[in-house]
Amino acid sequence: MEQTMTQVARPIPRRLDAFTLPSEPGNERLALARVADSLAEVGLPGPRLERLKTAVAEATMNAIEHGNGNRAEIPVEVEVTQNGDEIIVAITDQGGQEHPDSGAAEEPDLLKKLDGGQSPRGWGLFLIRNMVDAMDVTTDGQRHTIWLTMHTGGVAHDEHV
Amino acid sequence: MTSMCKATTRVLPGAAVIELSGEVDGSAATALTEAYQAAIAEYERARPAGGEPGTVVLDFAAVDYINSTGIALIVSVLALARAERTRLDEAIAIYDSEESALSGAGK
């Protein structure tokens, strides 16, 4: 195991939890609950924790369904890290570049959806983007990871509904 | 940990109220559709001849979980209402309480 030491006065990332889940519909609720447990001590204010939980559930649903095609034997990997005042949740599936999260999804338009011009679905990524402070997507071969970042020192500006 | 979505309907003057409780996710599809149909039917029975078409109020106060699939189901019900009920207000509005929804819709 290779380890490097740096002299920089940056906080050392701390892994709070890492686990896998079978790709079965509904298991996003397990991810949500376990991520919440892992954050019990970090002082994320209640409304921000709820936002992060919603984003984790949506990202895990996408990983289960779109990334791993509901194939239970392919695990969804979840890792929770604290880096200074950042909480980072990484959710990885095996959907590679074909993953719908990788493309430019059409922005949900409520009026179009009501008039049938757009499918009623397609809220997942929209919710995720609007719930967390930052969302990034990376791919490495088949590994497709969505990174959700939330700052513990959240400010009041995003506490409105 | 999980609780099925329940939807009960009641009719007020000028409005049909659908009270939702439990979890609004993919499993709520049948409950939502049936509640909408029941609310419209009850409302039409109670509506005086020549009376105005009413407002449909969805009450989420007792909902403890909703996800993107649940939102899609709600949007489907709203799209159905919009297609079927020509006198529905163009706008769909969100209110903090049932009382403000009813008074807002009455404006």
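Miscellaneous remarks
- Under 14 Å of direct C-alpha separation, and excluding same-chain neighbours fewer than eight residues apart, A:Lys53 reaches these aspartates and glutamates: A:Glu28, A:Asp37, A:Glu79, A:Asp133, B:Asp64.
- Semi-axis lengths, largest first, of the ellipsoid equivalent to the range A:16-161 are 23, 21, 13 Å, with √(5λ) applied to each eigenvalue of the Cα gyration tensor.
- Förster-model FRET efficiency, 41 Å R0, A:Glu86 and B:Thr33, C-beta, rounded to 0.05: 0.45
- Sequence-separation-based contact order of the range A:1-99, relative, with Cα cut under 8 Å and 6+ spacing, percent: 37
- Charge sum, other residues only, whose C-beta stays under 14 Å from B:Leu32's C-beta, Lys/Arg counted +1 and Asp/Glu -1: -4
- Relative intensity, log₁₀ I(q)/I(0), of the range A:1-97 from a Debye sum that treats every alpha carbon as a point, q = 0.12, 0.17, 0.23 Å⁻¹: -0.43, -0.76, -1.10
- Average other protein chain Cβ within 10 Å of Cβ, residues B:59-72: 4
- Average Cα contact separation per residue, chain B, under 8 Å, 6 or more apart, as relative contact order %: 29
- The spread of Cα positions in chain B, taken along each principal axis and listed from longest to shortest, comes to 46, 25, 22 Å.
- Note on the range B:1-43: Cα-only Rg and Dmax are 11.0, 37 Å.
- Here, P(r) means the percent of Cα pairs in each 5 Å bin from 0 to the largest distance; for the protein assembly as shown it is 1, 5, 11, 14, 16, 14, 12, 9, 7, 5, 3, 2, 1, 0, 0, 0, 0.
Bear in mind that the values in this text are calculations on the coordinates, not laboratory data. Being a predicted model, the structure only gives us computed values, none of them experimental. Glycine also receives a Cβ, built like all others from the backbone with ideal geometry; neighbour counts cover every protein chain displayed.
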